1. Output the peptides 201-212, 65-76, 298-309 sorted from most to least packed, where packing is the average of other Cβ atoms within 10 Å over each peptide's residues.
2. Taking θ = phi - 60°, what integer Hz values does the Karplus form 6.51 cos²θ - 1.76 cosθ + 1.60 yield along the stretch 202-210, in sequence order, with x for Gly and Pro?
3. Sort 216-222, 57-63 by packing, meaning the average of other beta carbons within 10 Å per residue, with the highest value first.
4. Over the chain, what is the mean sequence separation of C-alpha contacts under 8 Å (at least six apart), divided by residue count, expressed as relative contact order in percent?
5. When the dipole is taken about the Cα centre of the stretch 1-51, and only Lys, Arg (+1) and Asp, Glu (-1) are charged at their Cβ, what size is it in debye, to the nearest 20?
6. Would you compute the Debye intensity of the stretch 129-285 from its alpha-carbon atoms alone, equal scatterers and no solvent, and pass along log10 I(q)/I(0) at q = 0.17 Å⁻¹ to two decimals?
7. For residue 333, which sequence-distant residues (separation of 5 or more, or a different chain) have an amide H within less than 5 Å of its own amide H, given hydrogens modelled in the peptide plane?
8. Using the Cα centre of the chain as the reference point, and only Cβ charges (+1 on K/R, -1 on D/E), how large is the resulting charge dipole? Debye, rounded to the nearest 20.
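The values are calculated or read from the model by the stated rules, or taken from the named source; none is laboratory data. Here the structure is a predicted model, which means the values were calculated and not measured. We place every Cβ from the backbone using ideal geometry, glycine too, and count neighbours over all the protein chains shown. These accessible areas exclude ligands, DNA and RNA; they are computed on the full protein's heavy atoms, side chains included. Shrake-Rupley method; radii C 1.70, N 1.55, O 1.52, S 1.80 Å.
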Amino acid sequence: MKPFDPVALARPNILQLVPYAGERESYAGKRAPVLLDANENPYGDDALIRYPDNTYTALLARIAQVKGVAPNQLVPGVGSDELIDMTLRAFCEPGRDSILISSPTFGMYNYYAALNNLAVIDAPLTEDFQLDVAAIKAAAQPHTKVLFICTPNNPTGNHMDPAAVQELLAWFPGLVVVDEAYIDFCPQYALTPLLAEYPNAILLHTFSKAWGLAGLRLGVSISSPQIAEVLGKVRPPYNLTTLGVQHLMQALQTPERVADLARRMGANRARMAEYLQQNRLFTRVCPSDTNFILAYAERAHTIFRRAFDEGIILRSFGPNKGRLSNALRITVGTEGENERLIALLARLETELL
Ligand SMILES: Cc1ncc(COP(=O)(O)O)c(C=O)c1O
């Protein structure tokens, strides 16, 4: 294993920060009977008068158990989106550093790079939407701090070749964020079991997708404890709410449900993919390891509009979106929702062709 020192990579001003610590958290490991330290109003809503426990000890212990890692490898975020921002803020110097992405990919990497005043270097995915390892290696600059790998990738839906991911992890001298937002739909590709071999890796997981809890806004990063410690310095205090934590704790009691949900979604996806392949409006239907399908149609915009008018909202990318021009990203819904879309597409096939 190559030596990797995340502290050497972090922004010096961040390293000097001491993470927020409340008074009560240090009270003999249990809850004190009288809490007069945090300016709460004891006459408020009983269940919610107190700030949450900012250490999130119980939640992280349970997530660690489910994920098969140690609690000190985890940092919780308001969705995995917040962890993208935290990573860039902790490690990238605004106006100097850059990140490297492979388009087409998740738009928030660009967004948070812009927010943090970081340059974005793009080494596009290959024709079949795989990582172009040689192009990535050629494109990286001395100040490229973070390499983003999204697998399975949004919006293309496919997983990246694990050998390429591992080659890049072993090669890149900076941090590699492996965004596994959709990994519970294809757990056979999860990198978690190999994490110890890659001290520069930050895996991003979310409860918004296979767990079916997007409204909670909860995600987690999994990394070495050293990286987690640096990220902990930029995590806003109390970023998770009491209600969100309670709800997630409940969901974490039955983690086997996730595999069931993923299986059910997989059957719906297969039905949708099969239908799209035989509808002549579509010229390319991309293979998917996720809960969505990227499909190309010359009349993509018309399909989008007609679906929209019927209250079926798809994701379109607009005519000038490079390799996503004429593409639609279709989230796999319930059986009933999918059949509504299929009925509309069948009508449009006869009408438009
Ligand atoms: C690849 C990828 N990463 C991260 C996210 C963000 O997920 P959340 O902030 O809900 O955890 C999404 C959401 O669509 C995504 O597609």
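1. 201-212, 65-76, 298-309
2. 10, 8, 10, 10, 9, 9, 7, 9, 4
3. Numbers: 216-222: 23.7, 57-63: 17.3.
With the highest mean Cβ count within 10 Å placed first, the list reads 216-222, 57-63.
4. 17
5. 300
6. So the normalised log intensities are -1.14.
7. Placed amide hydrogens put 338 under 5 Å from residue 333.
8. 220
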